[in-house]
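For reference, the structure is listed below as structure tokens.
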Amino acid sequence: MISDTAIGHPVQRREDVPLITGSARYVADLPVDGCLSAVFVRSPVAHGRVTGIDTGEARSAPGVVDVCAGGDLGLPPIPETAFPPLSPREQFSWPPLATDTVRFAGEALAVVVAESLPAAVDAAELVVASIDPLDAVVDPVDAMADGAPLLFPAHGSNLVIDVPADGQDALEGAEVVVRGRFRNQRVAPVPLETNAILARPAGEGLEVFASTQVPFRLREGLCTALGMDPSTVRVVAPAVGGGFGAKGGVYPEYLVVAALARRLSRPVRWVQERSENLMAMTHGRGQVQEVELGARRDGTLIGLRARTVSEAGAYPWRAGIPARTTRLMAGGVYRVPRVQVHTQAVVTNTTPVGPYRGAGRPEAAAMMERAMDMLAAELDLDPAELRRRNFIRAGEFPYRTASGAVYDTGNYERALDEALHLAGYEALRREQAERRARRDPMALGIGLSTFVEVSGGGWEHGTVRVNSDGSVTVTTGSSPHGQGHETTFAQVASSALGVPYDAVRVLHSDTAVVARGVGTFGSRSGQLGGSAVLNAAKEVVSRARLLAAHLLEASPQDIGLTDGGLAVRGDPSTRLSWAELCAAAADPARRPPGFPGDLAAEADVTAVDGGTYPFGAHVAVVDVDTETGRVTLRRFVAVDDCGAVINPMIVEGQVHGGLAQGVAQALFEEVRYDADGNPVTANLADYAMPSAADLPSWLLGQTVTPTDRNALGVKGVGESGTVGSAVAVQNAVVDALRPWGVTHLDMPATPQRVWEALRRAAQA
Ligand code: MCN
């Protein structure tokens, strides 16, 4: 039956069976005869001059096939990603194996390749790196101070991105201004599967299996670095155990392993260990925000002025992506006539920072939503009321913001109404007032966030082909790693063609099978990849109508879709099944002159006006024990609007995952270093990643405001749960502590931090 698997229905993910039963194959599982194992030797210090790397003893260790360091492989350094108007600058490029300087603890210095993993691990211990330590700098603000140790002395400063605010004084005419300095702490993406790659020679070229979100981008990066023609390189992303944005780049290790496979003419595999992952996979967030929000006494916003200092880590590489997105989205869901953001990013002797679920939007939402709560407190207004007074109204779309985004569609007040209703807001405020009146040491906090984010930039590719047996093959350039594209894209194709859902196969993540594509990040796949599949399917239908009209001697306008084929409208007896149509197309005697020999089509879909703007409203309810500082998240309501929905079950799952990561940032997670740049959270005992037991049961609501920027009406959902949730919890904690004199608390709200904030406030 098509009806209960069509677009809009909660179809169970077809991906789940192989994933849950263990038959899915990750890079580490691929059976490849004669495969060598690579192990990286990493810098034990955060900053230093490399004076020599002695690989002699390692080379002669049992089972060792090769040891390379520094420039041995002749690989070019990895370029910085552009931050318009700045273009990539060579001096900040990242050498795949450190040459003269190491800039963070965990930076790759050398690689050992051996017949077995244990042999490679043992031999790696024998590589001796001589490093003259240099002073390290860890804190981004310290890194900007005069006299700070410089990571790139030729640049003269650690400030690598400095884009001033534009526009006139944002606060002019404000009757009240609230000011804050917020620290959006650095967190680690921690996908279940770490980075991993297997490269093997294939004729003159290479076959590469990698844990990546972007097979086409990886192929391009490999070809550029190795001087190869893309037609000779095949990249496959097999089962990928999550990425959360951090697998969107071409890592140094990936270039090294591919180069080794060529150099040794043998397959080489590398699978990152967990501690290695916590040091060498890009981190996320890491932004210090100085914010001033001006308003009139009635709460009407006048302007936002901010300076954001993003941590780039040791190499700017992909750090510009979140930094510029925070700038774009700074004004949030409000009519803010003037927004001025001074965007900076600095290098420090720490792991490079890059996009992580939300990539700059959670930072923007946290900045604005904390400031809105401060303003509400200053004006003695209910935070919900202050938000209501300032929302961009439903009739004002498309809406051009002061920072240059053009929001497509929205109804922010409706989302807030729904969230407040689901949370039982009035009753909660009454309970809070009662507890405050009796000075209950168990404080109740209610935190709101109303947020908007940007999703789905760039373009994506899809094809649809009807096979001779009437089944359908879809290909997509997107590369799912937990998002369920095989399910949702099959729903799209089956709905558009009127074929059973089970008759549709979706192929992806293999550059030998898919002609071109971009990949999966930025909550882009449903709207761009899904719409490409829809457009290709519609093209197949319109061609099939011409063919059916020819065969049935009818006018194409009179031909319609019927269950499993096409027929003259109102006359099911004329039905031609898809298999019959396919056979007719293949037969030159039966198809019309000039008609192609198959029923297939392709489509590329490009984002309109920078993408779509999903939004929502979250309400967090916390109990804070003011005697111990312990925070318990009692209730969490999330209303997310991602436009039209292809699969509500998958959308819910995506929101759940996003909420978990946002709440984790609010309450538990933080990447930390000591003053010398040694990582102190490089394993999962020290890095507090929550389990399901640490999280509440989410209460979800939904509003549906379709976009007019793609054929499906779909906006992104993969990140929105993360965008609004962290600050909702943070606002709830601060709300709980207000009677104790606490006006702001940086994340994560660990018991110690909460307790210290209470102590400080009591002493003030
Ligand atoms: N969808 C839908 N209706 C909508 C929007 C989306 O049914 N209105 C479906 C899509 O068809 C797709 C899924 O929901 O099956 C997510 O779609 P989308 O929002 O387009 O996001 P992407 O597929 O592009 O996934 C990227 C997004 C990002 S950016 C991060 S980070 C993230 C996320 O997905 N990382 C994840 N979700 C993740 N989920 C898992 N399990 N693992 C990760 O690493």
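Can you give the local net charge around SER403? Use residues other than it whose beta-carbon is closer than 11 angstrom to its beta-carbon, Lys and Arg +1, Asp and Glu -1. Taking every Cβ under 11 Å from that of SER403, the sum is +3.
When the charge dipole of the chain is built from unit charges on Cβ atoms (+1 for Lys and Arg, -1 for Asp and Glu) and taken about the Cα centre, the candidate among VAL111, ILE197, PHE92 whose Cα reaches farthest toward its positive end is PHE92. Calculate the length of the line joining the C-alpha centroid of the range 311-356 to that of the range 627-702, in whole Å. Centre-to-centre (Cα) distance: 21 Å.
The local environment of LEU293, defined by Cβ-Cβ distances under 15 Å, has a net charge of +2 under the rule Lys, Arg +1 and Asp, Glu -1.
Spatial offset of the range 473-528 relative to the range 218-234 amounts to 24 Å, using the alpha carbon center of each. Please name whichever of PRO751, GLY410, PHE244 sits farthest to the positive end of the charge dipole of the chain, dipole taken about the Cα centre and charges placed at Cβ: Lys and Arg +1, Asp and Glu -1. Toward the positive end, the furthest listed residue is GLY410. Of the peptides 78-87, 215-224, the ranking by mean beta-carbon count within 10 Å, highest at the top, reads 215-224, 78-87. Computed per residue of the chain from DSSP H runs no shorter than four, each worth -39500 (n - 2.57), the mean residue ellipticity at 222 nm is -8500 deg cm²/dmol. Restriction of the GluC sites (Glu not before Pro) in the range 598-672 to DSSP coil positions whose beta-carbon has at most 13 other beta-carbons within 10 angstrom yields GLU627.
Lys and Arg at +1, Asp and Glu at -1: add these up for the other residues within a Cβ distance under 10 Å of GLY243 and post the number.
Working: positive: LYS247, ARG357; negative: GLU193.
Spelling it out: positives minus negatives among the neighbours equals +1.
Ordering THR308, LEU260, MET279 by the projection of their Cα atoms onto the charge dipole of the range 245-335, which places +1 on the Cβ of Lys and Arg and -1 on the Cβ of Asp and Glu, puts LEU260 at the extreme positive end. I need the shape label for the range 343-449. Rule: rounded when a/c is under 1.5, else prolate if a/b > b/c, else oblate, with a, b, c from the alpha carbon gyration tensor. Judged from the Cα gyration tensor, the range 343-449 comes out oblate (a/c at least 1.5, b/c at or above a/b). For a test of the definition: using alpha carbon positions, the gyration tensor, and the 1.5 limit on a/c, classify the chain as rounded, prolate or oblate. Taking the square roots of the gyration eigenvalues as a ≥ b ≥ c, the chain is oblate. Each Cα pair under 8 Å and six or more residues apart adds its separation to the average, and for the chain the resulting relative contact order is 15 percent.
A short reminder: the numbers here are calculations on the coordinates, not readings from a lab. Remember, predicted model here, so these are calculated numbers, not experimental data. Glycine also receives a Cβ, built like all others from the backbone with ideal geometry; neighbour counts cover every protein chain displayed.
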